[in-house]
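> One structure, pasted below without further comment.
The values are calculated or read from the model by the stated rules, or taken from the named source; none is laboratory data. Source: prediction; values computed, not measured. All Cβ positions, glycine included, derive from the backbone under ideal geometry; neighbour counts span all protein chains shown.
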Amino acid sequence: MGNYPPHVYLIPEDRRNEQLANGFVNHYKVDVRRLDVMPVAGGWSHVLKIFEDEYTQRLRENPSDHVVMLIDYDGNYDNRRKKFEDAIPDDLKQRVFVVGSKVTPEAMKKVMAKDYEQIGLLLADDCFDGTETTWSHDHLKHNDPDRLQMVNIIRPILFG
């Protein structure tokens, strides 16, 4: 087991989710040494497979690590959420988070009239400030259970 500072791995489903993540990372208060945006997975099912194949063991070996999976729910929140919940082992549930747009980042971008990186930056603002201005948007409010848990667990890691 490693003895090093907590770390967060973010696995984006696609390029748009990666751009959201990059906007978040670019927030002036994010400690970039504590967060890695991993390569684009190429679909939500690939995010899940990567998590199962690579990160379950990593999390068990490094109890200070966390994973955020950034996906599109494609208008199918309940079914997709259940697939992820079923795949996350019970002993890791407190350190693994699944968040994403209700439909797609493209739909969210259109409604919010902002680019992906701007949206990511606004999400980081909310995390840093302890607000939910952007997170409460119709395309994101379904993430509340994970968001509330992330505020308590991930926020101190990323925003010191």
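> Would you say T134 is more than 27 Å from P5 (Cβ to Cβ), without any contact (Cβ under 8 Å) to a residue 60 or more places away in the chain, buried (at least 18 other Cβ atoms within 10 Å of the Cβ) and of a type in the set (V, I, T)?
Answer is yes for this residue.
> Please verify whether the range 80-101 includes one or more residues that are under 14 Å from the mean Cα position of the chain (by Cα), buried (at least 16 other Cβ atoms within 10 Å of the Cβ) and among the polar types (S, T, N, Q).
Looking through the range 80-101, at least one residue is under 14 Å from the mean Cα position of the chain (by Cα), buried (at least 16 other Cβ atoms within 10 Å of the Cβ) and among the polar types (S, T, N, Q).
> Can you spot a residue in the range 101-119 that is hydroxyl-bearing (S, T, Y) and over 27 Å from K49 (Cα atoms)?
no
> Limited to the range 138-154, what total is found for residues that are farther than 26 Å from A113 by Cα and over 12 Å from the mean Cα position of the chain (by Cα)?
Here the count works out to 2.
> Can you report the number of residues in the range 104-131 which are surrounded by fewer than 16 Cβ atoms within 10 Å (Cβ to Cβ) and closer than 16 Å to P12 by Cα?
1
> Follow-up question, since we're still on this one. All but one of (1) touching a strand residue (DSSP E or B) at 6+ places or on another chain (Cβ under 7 Å); (2) farther than 21 Å from D129 by Cα; (3) surrounded by fewer than 20 Cβ atoms within 10 Å (Cβ to Cβ); (4) not aliphatic (A, V, I, L, M) hold for K49; which doesn't?
Result: K49 passes all but (1).
> For the structure I just gave you, tell me whether E61 is of a type outside the set (S, T, Y) and surrounded by fewer than 17 Cβ atoms within 10 Å (Cβ to Cβ).
For E61, the condition - of a type outside the set (S, T, Y) and surrounded by fewer than 17 Cβ atoms within 10 Å (Cβ to Cβ) - is met.
Per-residue answers, yes or no, for (1) touching a Lys or Arg at 6+ places or on another chain (Cβ under 9 Å); (2) over 24 Å from T104 (Cβ atoms):
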{"site": "H7", "(1), (2)": "yes, yes"}
{"site": "H27", "(1), (2)": "no, no"}
{"site": "V32", "(1), (2)": "no, yes"}
{"site": "E54", "(1), (2)": "no, yes"}
{"site": "N76", "(1), (2)": "no, no"}
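> How many of the residues making up the range 120-160 are in a helix (DSSP H, G or I) and either touching a Pro at 6+ places or on another chain (Cβ under 6 Å) or polar (S, T, N, Q) (or both)?
4
> Still on this structure, I have one more. Examine the range 121-138 for a residue that is modelled with pLDDT of 95 or more, farther than 21 Å from N22 by Cα and not basic (K, R), and state whether such a residue exists.
yes
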